[in-house]
């Protein structure tokens, strides 16, 4: 059992499911849906097995599976999981079956839709599991194609515009990252003979040889790709269009998973490979993060479209994540990593609820809604819990992440004299979040019920099954977050110590 390549099977299973779906006649919609759902549940089962065998005391990667698939250039298929990637892998394994179950409303080209969803699952998992820079880049780019097609084929009226915008923004950033990866490989060739794409080797052997100026340029090249994906202000403008035009499951995956790829890239690669640049640019990153927090919150309040409000809220919430990462201390980084999971649960849940409401009313305009708690009491109760978790109410998951991010940023030596001012400004974002979330709840659930919404069906058993695990985790993390922190502490502590030592050695 110890030698079982569980991570490779997690990557292969969706590919096998997609291949099986492509062999099923397209008119057999039922079997296609169940094969897709069963495949993703199989990935979730493997993920739970991974969790049961994970050793939280070990800081390095576990369950490593390696194959030297291009030894002449030092490229390897190398996958593994540590405390930094564990919860993002499990979040991916959870979100995809929920998104597929929410896709029962898709009736056109179901075969292609389900196959693309499974291909996307492999790509997202690969990003979080890759321990080789070239492999990471391949999976990073691989996610772009199915996501673009999901938006462009099954999206809303402006789907082509949104899909092209998403594709071009991501490709532009990825081009700079590829240049930086090639540059690192070329710099490694004199030291290894063949070159290498191993980021651990680069961090320990190559990065100390780079000048501060070289580190800054390479950090910025990687950082542009990651900043676009987060998305950080001012690289965020693709996000609202992509979210609004994507089908419900596409919006859920964008918010819950694809945005996390950018923040994960900063933590996994930018900070470890370029520690001197990371410390030098921490304050500018934190400033952009705080601007995103405030801008996203104000833009959310200004929306009349339910889905667009949730989309802009992602800009604000991911700003908190980037603020925690910019603190460059264990508390801030752990809180940021947990907040990535929290955002995936809360904002993913909000997008699911927006989709469920749209299927009933065929509108997302707040001006046409109101009083729906009278017609949909179960829906209203769940929307309130998920909305309050996104707002950061104590006792729910969002509070734990945001409060500890603020503590980490406030005490950050890296941010120096700017720490307190940035933290105070970010705290204002918490107040603004309460305003736009409570306003949203009031506009959707309270007030007089329009006659045309009387008799709307409440949530079905399928929809309750979708929301149940999200609600359970929202409460569990809010009330007892310690197991989540325990799994990540060793890896993050090791990473922060290595970053501090590298920065000291460069002085």
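Quick note: the coordinates plus some simple rules give every number you see, no bench work behind them. Keep in mind that what you see is a predicted model, and the values were worked out from it rather than measured. Note that we place each Cβ from the backbone using ideal geometry, even for glycine, and neighbour counts take in every protein chain shown.
With the alpha-carbon atoms as the only input, what is the per residue convex hull volume for segment 281-507 in Å³? Walk me through the numbers before you get to the answer.
Details: hull volume 24.2 nm³, N = 227.
Measuring per residue, one finds 106 Å³ for the Cα hull of segment 281-507.
If the chain between residue 4 and residue 479 were fully stretched, how many nm would it gain, using 0.36 nm times the residue separation less the Cα-Cα distance?
On the way: separation 475, 0.36 × 475 = 171.00 nm, distance 3.48 nm.
Once the chain is fully extended between residue 4 and residue 479, it gains 167.5 nm.
Between 0 and 90 degrees, rounded to the nearest ten: what's the tilt of helix 212-229 against the longest Cα principal axis of the chain?
The angle comes out at about 20 degrees.
Scattering from the C-alpha atoms of segment 237-314 alone, worked out with Debye: what is log10 I(q)/I(0) at q = 0.25 1/Å?
-1.14
For segment 1-153, what class follows from the C-alpha gyration tensor (a ≥ b ≥ c being the square roots of its eigenvalues): rounded when a/c is under 1.5, otherwise prolate if a/b is larger than b/c, else oblate? Don't skip to the answer; put the middle values down first.
Numbers: a/c = 2.14, a/b = 1.60, b/c = 1.34.
It is prolate, given that a/c is not under 1.5 and a/b is the larger ratio.
Per-residue ellipticity at 222 nm for the chain, helices alone: DSSP H runs ≥ 4 residues times -39500 (n - 2.57), over residue total, nearest 500 deg cm²/dmol? The partial results should precede the final answer.
Working: 21 runs with 356 residues, N = 507.
The helix-only estimate for the chain comes to -23500 deg cm²/dmol at 222 nm.
Using the Kirkwood formula on the Cα atoms of segment 155-312, what hydrodynamic radius do you get, in angstrom to one decimal?
Details: mean 1/r = 0.0591 Å⁻¹.
Computed over segment 155-312, the radius equals 16.9 Å.
What area, in nm² and to one decimal, does the C-alpha convex hull of segment 77-183 cast on average over all directions?
Details: hull surface 30.1 nm².
Across all orientations, segment 77-183 yields a mean hull projection of 7.5 nm².
Taking R0 as 35 Å, what FRET efficiency do you get between residue 211 and residue 64 from their Cβ-Cβ distance, rounded to the nearest 0.05? List each step's numbers first, then the result.
Details: r = 32 Å, r/R0 = 0.92.
Rounded to the nearest 0.05, the efficiency is 0.60.
Quick one: compute the contact order of the chain, relative version, from alpha carbon pairs under 8 angstrom and 6+ residues apart, as a percent. Each step should come with its number before you reach the end.
On the way: 845 pairs, mean separation 78.8, N = 507.
Across the chain, relative contact order equals 16 percent.
What is the distance in Å between the Cα centres of segment 395-442 and segment 155-211?
A separation of 31 Å, based on Cα centres.
Evaluate segment 254-389: find the radius of gyration of its Cα atoms, find its Kirkwood radius, and give the ratio Rg to Rh.
Numbers: Rg = 17.2 Å, Rh = 16.1 Å.
My calculation puts Rg/Rh at 1.07.
What ranking of 497, 107, 402, 141 emerges when the number of other C-beta atoms within 10 Å of each C-beta is taken as an exposure proxy, fewest first? Walk me through the numbers on the way to the answer.
On the way: 497 12, 107 8, 402 27, 141 16.
Lowest count first: 107, 497, 141, 402.
So what's the angle, to the nearest 10 degrees on a 0 to 90 scale, between helix 377-391 and the longest Cα principal axis of the chain?
Helix 377-391 sits roughly 30 degrees off the main axis of the chain.
How much length is gained if the chain between residue 493 and residue 454 is pulled fully straight, taking 0.36 nm per residue apart and subtracting their Cα-Cα distance, in nm to one decimal? Don't skip to the end; give the middle numbers.
Details: separation 39, 0.36 × 39 = 14.04 nm, distance 5.48 nm.
Computed gain between residue 493 and residue 454 is 8.6 nm.
With the Cα gyration tensor of segment 288-363 giving a ≥ b ≥ c as the square roots of its eigenvalues, does the rule (a/c under 1.5 for rounded; else a/b larger than b/c for prolate; else oblate) give rounded, prolate or oblate? Walk me through the intermediate numbers first.
On the way: a/c = 5.89, a/b = 1.83, b/c = 3.21.
Here segment 288-363 falls in the oblate category.
Against the longest principal axis of the chain, how steep is helix 482-505, in degrees 0 to 90 to the nearest 10, with axes from Cα atoms?
Helix 482-505 sits roughly 40 degrees off the main axis of the chain.
If contacts are Cα pairs under 8 angstrom and at least 6 residues apart, what is the relative contact order of segment 281-507 in percent? Don't jump to the answer; show the numbers that get you there.
Numbers: 338 pairs, mean separation 62.5, N = 227.
Computed over segment 281-507, the figure is 28 percent.
Restricting things to alpha carbons, tell me how big segment 385-441 is in terms of Rg and Dmax, in Å.
Cα radius of gyration and Dmax of segment 385-441 are 12.6, 39 Å respectively.
Beyond 13 Å, how much of the Cα-Cα pair distribution for segment 32-87 remains, as a whole percent? Spell out each step's value before the answer.
On the way: 1069 of 1540 pairs.
Distances greater than 13 Å cover 69 percent of the Cα pairs.
With the crude spin-label approximation of a point 7 Å out along Cα→Cβ, what separation in nm comes out for residue 501 versus residue 365?
Calculated label separation equals 6.2 nm.
From the P(r) of the chain, can you give the percent of Cα pairs sitting at distances over 39 Å?
Details: 24619 of 128271 pairs.
The calculated P(r) of the chain puts 19 percent of pairs beyond 39 Å.
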